[in-house]
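Throughout, read-outs are computed from the coordinates displayed, never taken from laboratory work. On a predicted model such as this, the values are computed, not experimentally measured, just so you know. As a convention, Cβ positions derive from the backbone with ideal geometry for all residues, glycine included, and neighbour counts pool all protein chains shown.
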Amino acid sequence: MIKERKVLVTGSSDGIGRSITLSLLNSGAKVIGLARDHSKFNPEMKNYIKYKTDFSNEEILLNTIAKIINEHRDLDCLVSNAGFGKFGTLETFSTKEINDFIFTNLTSHMILTNKILPHLKKIRKGNIIFIGSESALKGGKNGSLYSAAKFGLRGFSQSIREESCSKNIHVSLINPGMVRTSFFNNLDFMPGEDKSNAIEPDDIGKIIIDILSTRNGSVIEEINLSPLKKVIKFL
Ligand SMILES: NC(=O)c1ccc[n+]([C@@H]2O[C@H](COP(=O)([O-])OP(=O)(O)OC[C@H]3O[C@@H](n4cnc5c(N)ncnc54)[C@H](OP(=O)(O)O)[C@@H]3O)[C@@H](O)[C@H]2O)c1
């Protein structure tokens, strides 16, 4: 029953995470939302609890996770979603940019899972859902950083699934193609204008409900979701 679930959603203030959060709240679940700036999305719902954190900062992240695990013993689901895109030819990135990008978009997901998994194993139930990307399936021009993080997340998700199924933990990965969100605000491309050129964030909100409604004895391991017609608009 979704109503009985308490779900930690990272990147709940915008885009895909915001749609996932709304979808869960409207289904009666309790949601703990994590982001840097909650002023972008601040619903007055008593089943929504917000924590400010920063996935680019290890110390802040570890403090937030410790607080949440201590304050929410009934937490039974993680949606690991927060992230951003950075695209360009590899030689245009400094070593610091590479490290910072991989920290936020891969390492922070691993750290969060590392801290939450023991709790889920102890209560012997739960879901962990990662938001990957079509870039987790195939690399491409200008996508070396992004694909490296998302391929890594895919391998991580598959390994954690194998490691934790005996403790009744269900691990899933969603690989969307282009989703119409603020993700593209700082990039030089975006999906085409037509509705069929991008996934809507709410499409992913619905998938989360499907994953959490699946019979306990089975698991949705991976979902690839694409716009009907892939059109990229370069700015
Ligand atoms: N849009 C797409 O086409 C697409 C396709 C495939 C996969 N994805 C993946 O989906 C995920 C969400 O992307 P989106 O499209 O929803 O982007 P978005 O609209 O820009 O939302 C990103 C979310 O992540 C949070 N976030 C980013 N950096 C953070 C940090 N350092 N600390 C804390 N929170 C941070 C943001 O919150 P604050 O800014 O408030 O901190 C925001 O809530 C990402 O992992 C992305 O790679 C996106």
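For this structure, a couple of remarks:
- Between the range 194-217 and the range 95-143, the alpha-carbon center distance in angstrom: 19 Å
- Ordering Ile199, Ile60 from the fewest to the most neighbouring beta carbons within 10 Å gives Ile60, Ile199.
- Proximal aspartates and glutamates relative to Lys229, as straight alpha-carbon distance under 16 Å, when same-chain residues fewer than 8 apart are discounted: Glu134, Glu193, Asp194, Glu200, Asp203
- On Cα atoms only, tilt of 108-123 relative to the major axis of the chain in degrees: 20 degrees
- The loop-placed GluC sites (Glu not before Pro) in the range 35-70, going by DSSP, that have at most 11 neighbouring Cβ atoms within 10 Å of their Cβ come out as Glu44.
- When the GluC sites (Glu not before Pro) in the range 101-202 are filtered for DSSP coil states and for at most 13 other beta-carbon atoms within 10 Å of their beta-carbon, the remaining sites are Glu193.
- Per-residue [θ]222 nm for the chain (sum of -39500 (n - 2.57) over DSSP H runs n ≥ 4, rounded to 500): -11500 deg cm²/dmol
- Distances between placed amide hydrogens fall under 5 Å for Leu225 paired with Asn175, Gly177, all partners being 5 or more residues away or on another chain.
- Cα long-axis angle, helix 58-71 against the chain (0 to 90 degrees, to the nearest 10): 30 degrees
- Using alpha-carbon coordinates, inclination of helix 15-26 to the longest axis of the chain, degrees: 30 degrees
- Shape box of the chain [Cα atoms, principal axes, largest first, Å]: 47, 38, 37
- Within the chain, percent of DSSP bridges classed antiparallel, to nearest 5: 10 percent
- Annotation for the range 80-170: trypsin sites (Lys or Arg not before Pro) lying in DSSP loop with at most 16 further Cβ atoms inside 10 Å of their Cβ are Arg124, Lys125, Lys138, Lys141.
- Extension gain from Ser39 to Met1, taking 0.36 nm per residue of separation minus the Cα-Cα distance: 10.7 nm
- Val7, Val231, Val179 arranged by Cβ crowding within 10 Å, fewest neighbours leading: Val231, Val179, Val7
- The chain: relative contact order in percent, alpha carbon pairs under 8 Å with at least 6 residues between: 21 percent
- In this structure, the residue pairs whose Cα-Cα separation is over 31 Å, taken from Lys96/Lys206; Lys3/Lys52; Lys30/Lys115, are Lys96/Lys206.
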